[in-house]
Amino acid sequence: MDRVIGIDLGTTNSCVAIVENDTPTVIPNRGGYKTTPSMVAITEAGKRLVGHIAKRQAITNAENTVFAAKRLIGRKWNSPQVKNAVLTSSYRIVEGPHGDVRVQLRTKPYSVPEISAMVLQEMKTIAQDYLGETVSKAVVTVPAYFNDNQRQATKDAGQIAGLDVIRIINEPTAASLAYGFGKNIEKIVAVYDLGGGTFDISILEIGGNGIFKVLATAGDTFLGGEDFDARIIDWFVQGFRDDHGIDLRQDRMALQRLKDAAEKAKCELSSVKETEVNLPFIISSGRNEALHLQRVISRQTLESLTEDLIERTVDICRQTLLDAKLGKEEVEDVVLVGGMTRMPRIQEVVSEFFEREPNRGVHPDEVVALGAAIQGAALVDEKHEMMLLDVTPHALGIMTQGGIFEEIIPANTSVPTGRSKIFTTSRENQTAVKILVMQGDHERAEDNELLGEFILTGLRRAPKGSVEIDVVFEINADGIVSVSAKDLETGQQQSIQVTATSGLTPEELKAMVAGAEEFAVDRKASEEVEAAIQEAETVIAEINRLFPQVEQIVASSDFGRDAIAKARAIVQRAKDAIQKKDLALIKEQTDGLVRTQRMFKGVVSKSS
Ligand code: AMP
């Protein structure tokens, strides 16, 4: 049976899990960490770095290090969120050929799914290293609030990474799966998820027989830990300007250092009341003198700087309860997800709002990946009986006369579902209507996301408003939307299956998949070479350590001098092979090195 990994593709960090022997388990990366930074960088030498190594060099390579790509995925170039990101990012965000978004790293513009694919590929490799087998299937999580285009773009990222994404599930739903796993409980729970870049709240009903039904969900894809960091950065920048009259923002490197320090301070303030940010030589005064940033920030300051952000999450919780038609007292448990929920003020506000202490039994960083792994196992193994009843996060409808959005399927409707509405022609003798299928929650159609369009032609000529058109929307279990329009009198019909677009054409996607596959092969080879070099160098170091002793012992005989000369030649040949990075040659020379080392050890031990 195929193994399915569960991946929480986070804005800041990602996590991969698997169900092993009926137990969901998080897979640690090579460094032993259970989460991996969702960061990608290209070095000056053109080398691709992902995860911790990308994060470590972010300060010195800020322009070519991408973080929080999730904020851009599936978005259009002219969206306000992208405009905002262009202004605030340390890396260059440029317009793609289809009104989509690209990230310019060194000389190449990368699509956002390509960047996310590099992170997914890393998570796949972590799982493969751990399992010792190839993994090709995954369940990937997305914020509940992602629209169809964002979901499709995430799926494309999976495909580029060589993964068959068998299901996309919502992060809070995944969290509730992990929370309810094996417990056989019947409860209404709220999942409050505040991560690095997004906020989600879902209210779910967990049925005793493995049924997880989402009652309502809402969120904000531009509200997360990074906004908290930004407030701290602003505070330091302002303070520094007051003290020195210098704007730290002019210097990318200074800003990146401050960014790191701000996030670190924020995390520290979850366990201590105050912390000092100390950044020596942060910038030059312009008079040939280096300036340092050294200032204490208190938990209280952090709380007052971010109170409105926390309040925004509460407003969304309030609205979601209304949507679920539930009172606070009906919520029986609150599950906290996402690194930001470690902040004490957030825990306080959430317990004040729900009037109960949040559940402390789940790990906020791991619960989403665990839930994804549970869903993955359930999809391929009937033993894990489970049913997920999710809802549409946004309303679906069409654009009508005057650019007004007419809702057909409201937000928070359980899927699968089907709804229809009757419309009439808006002009006299109108023979065709254009159906613009949209997703969103705004009254003005243009503020929503366009998912697709089609034209129903051949309408009979009649006075305005007298031709009735039945528009039917259907969403199947995989979340695929189809729309049809029918002239009720003539029976004339047109329909489309809405395929969301990630902003990539099929040809581009194909080329990227091929590129990533090539890279995957590349990477394995280079890892093998690195390992072989390391082995050879260890043996060389040991031989070098023994050389003086061996020389002293055997130099008096011709045979001994000959052996020493041979040993030197072997070491030299091994060094040449290392220089060439030729795997076969390195391995061959390592055999010789090992024989020499054994001989040296024998000589030394005999004479002692
Ligand atoms: P996630 O996307 O769930 O990995 O959450 C990452 C966010 O949580 C980042 O903004 C982190 O800075 C933040 N975070 C992680 N640990 C803490 C902590 N101890 N206190 C406050 N925020 C934290």
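Read-outs: derived from the displayed coordinates by stated rules, not from any lab. Bear in mind that the values here come from a model prediction, so they are computed numbers and not experimental data. Positions of Cβ are generated from backbone atoms using ideal geometry, with glycine treated the same way; all protein chains shown enter the neighbour counts.
Tabulate in residue order the Karplus-calculated ³J(HN,Hα) for segment 568-580, using 6.51 cos²θ - 1.76 cosθ + 1.60 with θ = phi - 60°, rounded to whole Hz; enter x for Gly and Pro.
Calculated HN-Hα couplings, in order: 4, 5, 5, 4, 5, 4, 5, 4, 4, 5, 4, 4, 7 Hz.
What number, in nm² with one decimal, is the all-direction average of the projected area of the convex hull of the alpha-carbon atoms of the chain? Intermediate values should be presented prior to the final figure.
Values: hull surface 147.2 nm².
That works out to 36.8 nm², a quarter of the Cα hull's surface.
So, counting K/R as plus one and D/E as minus one, what does the shell of residues with Cβ under 9 Å around Ile404 add up to?
Net charge in that neighbourhood comes out at -1.
Only Lys, Arg, Asp and Glu count, each charged at its Cβ (+1, +1, -1, -1), so figure out the dipole size of segment 529-607 about its Cα centre, rounded to 20 debye.
160 debye
Where nothing but the Cβ of Lys and Arg (+1) and of Asp and Glu (-1) is charged, how large is the charge dipole of the chain around its Cα centre, in debye to the nearest 20?
1980 debye
Of the trypsin sites (Lys or Arg not before Pro) in segment 339-382, which ones lie in a loop per DSSP and count no more than 10 other C-beta atoms within 10 Å?
Those satisfying the criteria are Arg360.
Tilt of helix 148-160 relative to the longest C-alpha principal axis of the chain, in degrees (0 to 90, nearest 10)?
For helix 148-160, the angle is close to 30 degrees.
At q = 0.10 Å⁻¹, what is the base-10 log of I(q)/I(0) for segment 225-304 according to the Debye formula with one equal point scatterer per Cα and no solvent? Please give it to two decimals.
-0.22
Charges on Cβ only, +1 for Lys and Arg, -1 for Asp and Glu, centred on the Cα centroid of the chain; of Val437, Phe423, Ser79, which one is farthest towards the dipole's positive end?
It is Ser79, whose Cα lies furthest towards the positive end.
Glu274 to Glu95: FRET efficiency via 1/(1 + (r/R0)^6), r the Cβ-Cβ distance, R0 45 Å, to the nearest 0.05? Each step should come with its number before you reach the end.
Values: r = 44 Å, r/R0 = 0.98.
The formula returns an efficiency of 0.55 here.
Dipole of the chain (Lys/Arg Cβ +1, Asp/Glu Cβ -1, origin at the Cα centre): which of Leu321, Gln534, Tyr91 lies farthest to the positive side?
Looking along the dipole axis, the top candidate is Gln534.
What list do you get for Glu357, Glu268 if you sort them by fewest beta carbons within 10 Å?
Glu357, Glu268
How much of the calculated P(r) for segment 529-607 lies past 15 Å, in percent of all Cα pairs?
Numbers: 1597 of 3081 pairs.
Across segment 529-607, Cα pairs with separations above 15 Å total 52 percent.
Using Cα pairs closer than 8 Å and at least 6 residues apart in sequence, work out the relative contact order for segment 225-304, in percent.
24 percent
Nearest 10 degrees, 0 to 90: what angle lies between the long axis of helix 506-554 and the longest principal axis of the chain (Cα atoms)?
Helix 506-554 sits at roughly 20 degrees to that axis.
Could you compute the net charge surrounding Leu389? Neighbours are other residues with a C-beta less than 13 Å from the C-beta of Leu389; K and R count +1, D and E count -1.
Value of the local net charge: -1.
Sort Asp582, Asp333 by Cβ crowding within 10 Å, fewest neighbours at the top.
Ordered from fewest to most neighbouring Cβ atoms within 10 Å, Asp582, Asp333 come out as Asp582, Asp333.
What order do you get for Cys15, Cys317 when you list them from fewest to most C-beta neighbours inside 10 Å?
Cys317, Cys15
Extension gain Lys328-Asp251, at 0.36 nm per residue separation less the Cα-Cα distance, in nm?
Additional length available on full extension: 23.0 nm.
Rounded to the nearest 0.05, what FRET efficiency is calculated for Arg427 and Asp447 with R0 set to 30 Å and r the Cβ-Cβ distance?
The computed FRET efficiency comes out at 0.75.
What length, rounded to one decimal in nm, is gained on full extension from Asp582 through to Leu488, with 0.36 nm per residue of separation minus their alpha-carbon distance?
Contour length minus Cα-Cα distance gives 26.6 nm.
Charges at C-beta only: +1 for Lys and Arg, -1 for Asp and Glu. How large is the resulting dipole of segment 225-304 about its Cα centre, in Debye rounded to 20?
Its charge dipole is roughly 100 debye.
Quick one: Cα convex hull volume of segment 93-209, Å³ per residue?
Values: hull volume 16.7 nm³, N = 117.
Cα convex hull per residue, to the nearest whole number: 143 Å³.
What nm value, rounded to one decimal, do you get for the distance between Lys601 and Ser304 when each label is placed 7 Å out toward the C-beta?
Between Lys601 and Ser304, the simple spin-label model gives 6.6 nm.
Below 17 Å, Cα to Cα, which aspartates and glutamates can Lys213 reach? Residues fewer than 8 away in the same chain don't count.
Answer for Lys213, where 17 Å is the Cα cut-off: Glu171, Glu186, Asp200, Glu205, Asp323, Glu330, Glu332, Asp333, Glu385, Asp390, Asp478, listed by chain and number.
Can you give the FRET efficiency for Gln294 and Tyr33, using 1/(1 + (r/R0)^6), R0 = 25 Å, r = Cβ-Cβ distance, to the nearest 0.05?
0.25
With unit charges on the beta carbon (Lys/Arg positive, Asp/Glu negative), name the residue among Asn170, Pro37, Leu291 whose Cα is farthest towards the positive pole of the charge dipole of the chain.
Leu291
How much net charge surrounds Pro172 when only other residues with a Cβ under 11 Å from its Cβ are counted (Lys, Arg +1; Asp, Glu -1)?
-4
Do the alpha carbons of any pairs in Lys108/Lys575; Lys108/Lys581; Lys34/Lys266; Lys183/Lys325 sit beyond 29 Å of each other, and which pairs?
Pairs exceeding the cut-off: Lys108/Lys575.
What is the chain's relative contact order, in percent, from Cα pairs under 8 angstrom and six or more apart in sequence?
Reported as a whole number, the value is 13 percent.
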